[in-house]
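The values are calculated or read from the model by the stated rules, or taken from the named source; none is laboratory data. Bear in mind that the values here come from a model prediction, so they are computed numbers and not experimental data. Every residue, glycine as well, gets a Cβ built from its backbone with ideal geometry; the counts of neighbours run over all protein chains shown.
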Amino acid sequence: MSEGTRPTSYMMDAENVAEMARLIKQARMLTEAIGLFPDMAALEKAQSVLDIGSGPGEWVLEVARHYPHLSVTGIDISQTMTAYANMIAADQDVSNARFQIMDARQKLDFPSESFDIVYTRLMSSFLRTDDWVPVLRECYRILRPGGILCSNESELGVTTAPAMTRYTGLFAEALRRTGKCFSPEGISIGITAVQHRLLAEAGFTRIQAQAHALNGSKGMPAHDAIMDDWRTGFKLLQPLIIRCGLSTQEELDVLYARMLDEAEEDTFCCLWYCQTVWGVKP
């Protein structure tokens, strides 16, 4: 399925090179924190895996390297990131990994019962709340009986820093105004509260969950990686916040600078919450 059948709803510019670099580092950080997959035995038994929203391909390539018996496919709406991922796969001779341009919000261009595992990370960055069940039902369709859907999502986290609290609040409200927020007041994304229900509504059974907390406080091992991610991500989110009428560029520039200063104070504390939920197609 080609890009362009429906305008992208990704919260940033999907063709931005800085965003691609951020996603590569973010994928590595998340894999270190939550692992490649919650049920490694399932990867050993599987034959074909699909990653939805694969971006520059970090997760697909990592799985393909570790499990050469697998056929691993990634789909993404970004032409830039898909081309990059295919180039890396070719350059590094990862022959069991491939990447295609496809819009996950549309009917997927795969036959029914094509995959043993469907994997997703942070689909809340591009799915509206009413997109979720149709997308998960497509995942159900393309999974073989006994196949696993694994959904990884995050919340905005909590911090003691005033400027960062204000900035994340603006982001949450922007998500609410663009239909991507399950929280009625726009104070959090709210996706982790409904992940289990969404998988069940799509038909999945034997649903399990694991919660993860990444400590980005000053002096903690994850501080530098999380702040590197947020330094780029929060900058790239500014056009969205401005389009939603929540702030001006001048106000965001001041708030952004204060946020970065706060993050380097010895008293800075923050936690970033993630949740992995997976279920089985009967």
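Of note:
- Residue in the stretch 196-205 that is of a type in the set (G, A, S), surrounded by fewer than 20 Cβ atoms within 10 Å (Cβ to Cβ), in contact with a helix residue (DSSP H, G or I) (Cβ under 6 Å, 6 or more places away or on another chain) and modelled with pLDDT under 95 present: no
- Answer residue from the stretch 49-64, given it is farther than 14 Å from F37 by Cα and not hydrophobic (A, V, I, L, M, F, W, C) and is surrounded by the fewest Cβ atoms within 10 Å (Cβ to Cβ) among those: G53
- Tally, over the stretch 211-232, of residues that are under 16 Å from the mean Cα position of the chain (by Cα) and not in a helix (DSSP H, G or I): 4
- Just one of the listed residues (E262, E201, E250, E173) is in contact with a Pro (Cβ under 8 Å, 6 or more places away or on another chain) and of a type in the set (D, E), namely E262.
- Single residue of S71, S54 found to be within 13 Å of the chain's Cα centre (by Cα) and polar (S, T, N, Q): S54
- Residue match in the stretch 249-263 (condition: surrounded by fewer than 18 Cβ atoms within 10 Å (Cβ to Cβ) and touching a Ser or Thr at 6+ places or on another chain (Cβ under 9 Å)): no
- The stretch 157-185, subset under 19 Å from the mean Cα position of the chain (by Cα) and assigned to a loop (DSSP other than H, G, I, E, B), residue surrounded by the fewest Cβ atoms within 10 Å (Cβ to Cβ): G179
- Count of the stretch 165-199 residues, restricted to those that are within 26 Å of C150 (Cα to Cα), among the polar types (S, T, N, Q) and free of Cβ contacts under 8 Å to residues at least 60 places away in the same chain, is 2.
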